[in-house]
Amino acid sequence: MEIIEIDVRNVAARREFFAVEQEVVHHDLPDGWERTYESFEKSVIQADNPYRRAVRLAAVTDGAWVGTAEVGLPLKDNTHLADVELAVRPHARRAGVGRALFARVEEICAEHGRTTSCVEMHVPRGVAFEDSPGVRFGRTFGFESVHQEDHLVLDLPADVSHLEAAAAGAGSAYEIVLWGERCPDEHVAQFCAMRTQMANDVPTGEMDIEAVVFDEERLRTGESRLAQGWIPIVAAARRRDDGVMGGYSMLVLPRGGDLVLQDDTLVMPEHRGHRLGTALKLATLEVVRREHPERRAIHTWTEPDNHAMQRTNADFGFTPRARLHELQRQS
C-alpha cells in the first residue's frame, strides 16, 4: 500500500477522491449529508484560498484507491489547528489503511506546526458512542469527544403554516431582507458584525478553537468561493425604526443536488424574544419552496443544550438522525 498526496485539480484524481467519499457516506450514514460532485469540483478547482489550505491524500493498493484523507490548515487564525477527514472504503477496513493514512496526517500536522487535530464523527441514532467503529478508531490515536451536536433533518416539502401566525408579530417591528450570492454593500458592516457574533456565540464545548473575526475582505472572499459550487440564500431581519440588523439565517444548496444545508441562524442578543429566528427560517424556506422545489430535505446541526434552537427546529418538524461528535487530540 502506498500513501500519496494528490492534486484534485487533476480530473481523474478528483473523481476518485469524490467516489471514495460518497461510498463511505452511503455505507456509514444512509440518512447523512452529502455534497454533489458539481459542488465539490467547483470548490476545489478554484485559486488557492488565502484563509485555508487543504492537503489531500489517497491510500492506493495495486492501483486501486482504498481510502482518502484531507487535512485542513487554517492560514489566518487558528494556526495551531488541523481539521482532519478520513475515509476508508468498507471492503478495505481493518487492514491498516486508516492507520497508514493517519500516520501521514500526523506528519503533515507536525510539518505545519499544528498541535491540535479535530475530526467530526457522526454516530447514527441507535448506535452507542462507544460502539461506533469511527469513535473506537479515533480513541486508539488519543482523540476524545469535546463537543456534541444533534444532526437534524426536515423532509421537504414541509407544512409550516402553523408557524406563520407565530412569526407575524416580528413583521410589525422588523422587515426581512433577502439576498443570494453577495451581501448588498449597504449591509456589509452589520452582516460582518453578525457573522462575528455568530462565531463567538456558537457552542464549541471544549474545542481548542478561536472565534473568527469577519471583515469585508473575509466576507467577500468567502462569498465568491462559496458561490462557485453552492447556492446561498440569506435572510436578515432589519428593525424598521432605525435600520439595525437583528439577526440572520443562511441556507446553502449544493449545485446539482437535492439537499439543503442550514448554515447559520443567529438572533443578536438585544433582539431576542420577537420570534425572529422563526421568521428568518420561514423566509429562507419560502425561497427554497418557490425557486428550488426539487430539494427534498434540509440538514442542520444543533447543540443538545441549545434549548431555544432545539424548540424552533422541532416546531418546523426537524427530526434527529444522528449525533455529531467533535473529536479532538492535542499534542
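Overview of results
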item	result
Net charge contributed by nearby residues that have their C-beta within less than 14 Å of Val213 (K/R +1, D/E -1)	-3
Between 0 and 90°, nearest 10: helix 11-28 axis offset from the chain longest Cα axis	80 degrees
Length released on extending from Ala103 to His80, taking residue separation times 0.36 nm less the Cα-Cα span	6.4 nm
Length gained when the stretch Asp159-Val127 is fully extended (0.36 nm per residue, less Cα-Cα span)	8.5 nm
Estimated Rh, the stretch 129-221: Kirkwood, alpha-carbon pairs, angstrom	17.9 Å
For Asp264, Asp185, order by how many other beta-carbon atoms lie within 10 Å, fewest first	Asp185, Asp264
The stretch 200-261 and the stretch 311-329: distance between their alpha carbon centers, rounded to Å	19 Å
Cα gyration tensor category, rounded, prolate or oblate, for the stretch 154-322 with a/c compared to 1.5	rounded
Karplus (6.51, -1.76, 1.60) ³J(HN,Hα), θ = phi - 60°, over the stretch 288-305, in Hz, Gly and Pro reported as x	4, 4, 7, 9, 9, x, 6, 6, 10, 6, 10, 10, 9, 9, 9, 4, x, 8
Separation of alpha-carbon centers, the stretch 10-86 and the stretch 181-196, rounded to whole Å	29 Å
Residue order, fewest to most surrounding Cβ atoms within 10 angstrom, among Arg104, Arg289, Arg94	Arg94, Arg289, Arg104
Segment Arg9-Asp185, length gained on full extension (0.36 nm per residue, minus Cα span)	60.1 nm
Cα gyration tensor, the stretch 2-114 - rounded (a/c under 1.5), prolate or oblate	oblate
Relative compactness, the stretch 271-327, computed as alpha-carbon Rg over 2.2 N^0.38 Å	1.28
Helix-only [θ]222 nm of the chain, DSSP H runs n ≥ 4, -39500 (n - 2.57) each, per residue, nearest 500	-11000 deg cm²/dmol
FRET E, pair Ala110, Glu270, Förster distance 41 Å, beta-carbon r, rounded to 0.05	0.35
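Each value in this text was obtained by applying a stated rule to the coordinates, not by laboratory testing. Computed from a predicted structure; not experimentally measured. Note: ideal-geometry Cβ built from the backbone for every residue, glycine included; neighbour counts use all protein chains shown.
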